[in-house]
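For reference, the structure discussed in these notes is given below.
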There are 2 protein chains.
Amino acid sequence: MSGSYCKSLYSFSGDQHQQGLTFEVGEIIRIVHPLPGGWWEGELDGVRGWFPSSYVQVLEKTASMTSLPVEDVGEPLPQHWKCYMSPQGRRYYVNTSSNGKETDIQCLQKVFTPLDFLHILLCYSLNLKWIQLRLFINCVTFPLPMSTPEQQLLKPDEWSYCDYFWTDKKDPQGTSCISGFEVLLQKQLKGKHMQKEMAEFIRERIKIEEEYAKNLAKLSQIPLAGQEEGTLGEAWAQLKKSLADEAEVHLKFSSKLQSEVEKPLLTFRENFKKDMKRFNHHIAELRKQLVGRHSAVEKARKALADRQKDLDVKTQQLEIKLSNKMEEDIKKAQRKSTQAGDDLMRCVDLYNQSQSKWFEEMVTTSLELERLEVERVEMIRQHLCQYTTLRHETDMFNQSTMEPVDQLLQSVDPARDRELWVQEQKTGDIRPVDIEI
Amino acid sequence: MSGSYCKSLYSFSGDQHQQGLTFEVGEIIRIVHPLPGGWWEGELDGVRGWFPSSYVQVLEKTASMTSLPVEDVGEPLPQHWKCYMSPQGRRYYVNTSSNGKETDIQCLQKVFTPLDFLHILLCYSLNLKWIQLRLFINCVTFPLPMSTPEQQLLKPDEWSYCDYFWTDKKDPQGTSCISGFEVLLQKQLKGKHMQKEMAEFIRERIKIEEEYAKNLAKLSQIPLAGQEEGTLGEAWAQLKKSLADEAEVHLKFSSKLQSEVEKPLLTFRENFKKDMKRFNHHIAELRKQLVGRHSAVEKARKALADRQKDLDVKTQQLEIKLSNKMEEDIKKAQRKSTQAGDDLMRCVDLYNQSQSKWFEEMVTTSLELERLEVERVEMIRQHLCQYTTLRHETDMFNQSTMEPVDQLLQSVDPARDRELWVQEQKTGDIRPVDIEI
């Protein structure tokens, strides 16, 4: 066991003993000579000394980490922080003084970039394995990043909503934080808004087309050059008529835009608001429950710590003067400590149940939101495709309005026009002759 | 000679002779017995009688026409009118009383439909061949329709202006008549006007296109749904951009319409007005000259008739009492008559020269007008073809504005969009875990 570490369960003052080691609760001590008699020699912060082995918890080999010399850490750590290297070569930063309390946020922000806005807690289990590191972000429990084993994504390679929105996030203003689920909901709301704006855009286009059609139709009715005659007159009349045809084409375009693009875009899925409200309410409810459970856990954890402190005091008193009464007191304190441990266990159970429920709901709902978003994108894509199809059709129909004009222009024949006009307008077909005497 | 006809040169009163025939100047008499002694028997209006052969002019065999019995004419002819059948079977209507004066218009209108508004004159030559029938329409001399030989068109099968605008025509209001040349000029003026109106029409179209383009460009700038993200966002942005492209296409259309259709149509051939004025002035001048010449001919004709009447009187007087003085008088009258005949001949010559000059100018100018009209029609046709070409181009360019939109819509991928969004918006990729005790 020499060379391994232990963690102090209680504080111990070495001043009262020859070569005694002094430490507070929760400090990590390197075991130098673990003598079988119950007194071990240990080293803490470069100082060696003796202490009762019952005051410490041996850290298991599986979790054997190496405390790095300060100069290897790379940058000076804040007070009470230590850097450990895991057997896999990962670095863990541990606040050796926090003792179950929330750590200083600034410190961790420095260390655990890019995880900002964390409330980190060194959580130690009943049997005080310190490696049970957990992050608590707004009462949700996460494994410390880089801890073993790595989490597999629920839906690898899919970039699914259900894998990426568990933690909270600063809002765009950076003043408060919003939950991952709210981010998803906002995406939905924004999606709906975008769709509505697209419909508005199409509506504007419809208006432009209608006005264009109106102007073309009006122009085609103006009797300009209506008296042009012959084949040229026919071609010209057809050219004017083609404007009415064009107008018709654009009117058809605008009416199809309305029925086949604008209207479908406006009918965003029914019950959108109701659904969003329901989703939001459900998840928020579960989060609220989780917060309650979390505070119960905290309370139970504190109660346990108090009981253990009480037990500690009593045990120290026992060392000084032994009496039946004291032994009874210690037993009582041990019972209460055990009871407090049980309480904590129950609270943790309830908390985990809550978190589990929320977890499931989050997965279900985010997958639903994901499905709805896929639907939305597909639906918009489809109707925008319809828009381009209609535009293509319009151009083709427009081209066809020119065909009869082209044909008539091809058959414009000045000689034929002259013939027609002369036949109608001629003043006679006899030619002057001389007077003969 | 029996069975042929003669025409009276002077009036003769049969009352003073046994079985004498009475006739006025210019009557057609059937020769019954042409006795060599100078007294012939003839028949006029069913009455037979004798008259001096020197009072008549025998009508030549070549012009032998048959006077049709009244019942064959089809409809009762007005007083003094007779219907003759030419050897080719054509009917000629002759006013036997007009004697060189203008005939009654109403009468001829009845007969010579569709030749309305004619001034017809039976013109007889110095040797008084009555078949020299001519029409005078506003001082221009025409052969009587249906007279032999038929005129060949100057440009057969071409319906050339130079063949059909020699006579005058009632104007559309029917109140006055306009010359054939004026009809041609009006055609030119109307043609110019039509061309101008076409340019105006194109201008209106340009305005419509410009406004349409302006509206499309404006709409493409409106930031609607500008926050749509991912591949859908790209497709949407391209769709909006395509409106700017469309606007560009329509702007280009309108600017090309202006430079390649409107402007050329507006630049009707230079000097148009000047040319028209020159043509008109020239022809009008020649017509005026013709009128002068014509009245000179009429005057000379009347002088000749007077001289002949004088000669006639003197000759009659000679029959009654012969004297040297009378013979001298007759010789003098015959000289004067011959002089008057020479005068008439000179006037007719001058007239014919004028008419000839006018004729040439009419042919030249009407062919020029015809060429200009062919040019106009060709030029308009060409620019209207340019219009349809531009319209086709516009439709094609418009189609091409849709291509990038179509491509981006094809690559819209909800999964890819989710990936992009999640990468940017994810709140972390660790999943909650249970608190472990």
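A few comments on the model shown:
- Between copies, the label points at A:S176 (set 7 angstrom from Cα along Cα-to-Cβ) are spaced 9.5 nm, reported in nanometres from shortest to longest.
- Inter-chain shielding of A:377-388 (mean C-beta neighbours from other protein chains, 10 Å cut-off): 6
- Largest accessible area first, the listed residues A:D45, A:D342, A:D15, B:D312 line up as A:D15, A:D45, A:D342, B:D312 when surface is computed with a 1.4 Å probe on the assembled protein chains.
- Other copies of A:D429: label-to-label distances in nm, shortest first, labels 7 Å along the beta-carbon direction: 9.5
- Ranking of B:E328, A:E298 by solvent-accessible surface, largest first: B:E328, A:E298 (1.4 Å probe, protein heavy atoms only, all chains present).
- Across the identical copies, the label point of A:V47 (7 Å from Cα in the Cβ direction) is separated from its matches by 17.9 nm, in order from shortest.
- Estimated translational D of the stretch B:167-229 in µm²/s (Stokes, Kirkwood radius over Cα pairs; 37 °C; 0.692 mPa s): 202
The values are calculated or read from the model by the stated rules, or taken from the named source; none is laboratory data. Note that this is a predicted model, so its numbers are computed, not measured. Using ideal geometry, Cβ is built from the backbone for each residue, glycine included, and neighbour counts are taken over all protein chains shown. Surface areas here come from the heavy atoms of the whole protein model, side chains and all, with no ligands, DNA or RNA. Shrake-Rupley method; radii C 1.70, N 1.55, O 1.52, S 1.80 Å.
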